[in-house]
Amino acid sequence: YISHVPGEGGGETPAPPTGEAGQYDPQGVTWTLGNKAYDCTSEGTQSQTGTVNGEQVNNMLKLGTSSLTGDATLHVAAGTKKLGFYCVAWKNKKAQVKFSVGGNEITTIEPTSNVGASGNPPYTITLADSDYYEVQLPSGTTDIKVETLDPANGRVIFIGLKAITE
């Protein structure tokens, strides 16, 4: 029995159930757009939005064009240990994305091509578990440069960037 009188009974009120809303929004990560980089602040058909696994997402980060590489600098709080995110390459392309801290490469990933990453936004993307990545960050990292490497295969979309502190 839990009393409805304050100060008696079962302790804290349970939190309301949370749904899937927002799971693909950035969490603890902001960025500065570099060369050929686009997000929800970009103009017109370059504003990066879409539907991801049935959820409306209004803050994706796209790097590159059909013939040019792209880059951006991600910003996280000191104490962030890993960067978690979904990333897909453009339809029928094989991209490479390099992650650097302080000019030193920490890793390169090769995101899988996704049929929904094509044309102009809004995109309709279906993500798989294999599209999720975690990048271990050096201690004290606050800025991470991300860049595509091959001009002919340089378009990628980042979804749900998350700073992981544990």
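The values are calculated or read from the model by the stated rules, or taken from the named source; none is laboratory data. Keep in mind that this is a model prediction, so the values were computed, not measured. Heads up, the Cβs are rebuilt from the backbone with ideal geometry, glycines too, and the neighbour counts pull from every protein chain shown. Accessible surface is based on the protein model in full, side chains and every heavy atom, while ligands, DNA and RNA are left aside. Shrake-Rupley method; radii C 1.70, N 1.55, O 1.52, S 1.80 Å.
Summary of values
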{"read-out": "Some residue of segment 124-132 being open to solvent by 70 Å² or more (accessible area, probe 1.4 Å), β-branched (Val, Ile, Thr) and over 20 Å from TYR38 (Cβ atoms)", "value": "yes"}
{"read-out": "Number of the exception - ASN153 against (1) open to solvent by less than 70 Å² (accessible area, probe 1.4 Å); (2) touching a strand residue (DSSP E or B) at 6+ places or on another chain (Cβ under 8 Å); (3) at pLDDT 95 or above", "value": "(3)"}
{"read-out": "Qualifying residue in segment 20-35 (condition: exposed (fewer than 12 other Cβ atoms within 10 Å of the Cβ) and either at pLDDT below 50 or among the aliphatic types (A, V, I, L, M) (or both))", "value": "yes"}
{"read-out": "Count of segment 97-115 residues which are of a type outside the set (A, V, I, L, M, F, W, C), surrounded by fewer than 17 Cβ atoms within 10 Å (Cβ to Cβ) and not in a strand (DSSP E or B)", "value": "4"}
{"read-out": "Single match in ASN120, ASN153 (criterion: closer than 19 Å to ALA37 by Cα and in contact with a Ser or Thr (Cβ under 6 Å, 6 or more places away or on another chain))", "value": "ASN120"}
{"read-out": "Where GLN46 falls short, out of the listed (1) modelled with pLDDT of 95 or more; (2) in contact with a Phe, Trp or Tyr (Cβ under 7 Å, 6 or more places away or on another chain)", "value": "(1)"}
{"read-out": "Residue list for segment 47-69, restricted to those being in contact with a Lys or Arg (Cβ under 8 Å, 6 or more places away or on another chain) and over 18 Å from LEU161 (Cα atoms)", "value": "THR65, SER66, LEU68, THR69"}
{"read-out": "Restricting segment 30-56 to residues that are in a loop (DSSP other than H, G, I, E, B) and acidic (Asp, Glu), the residue that is nearest to THR148 (Cα to Cα)", "value": "ASP39"}
{"read-out": "Breaking point among (1) part of a strand (DSSP E or B); (2) in contact with a helix residue (DSSP H, G or I) (Cβ under 8 Å, 6 or more places away or on another chain), for THR73", "value": "(2)"}
{"read-out": "Lone unmet requirement of (1) open to solvent by less than 70 Å² (accessible area, probe 1.4 Å); (2) closer than 19 Å to ASP131 by Cα for TYR38", "value": "(2)"}
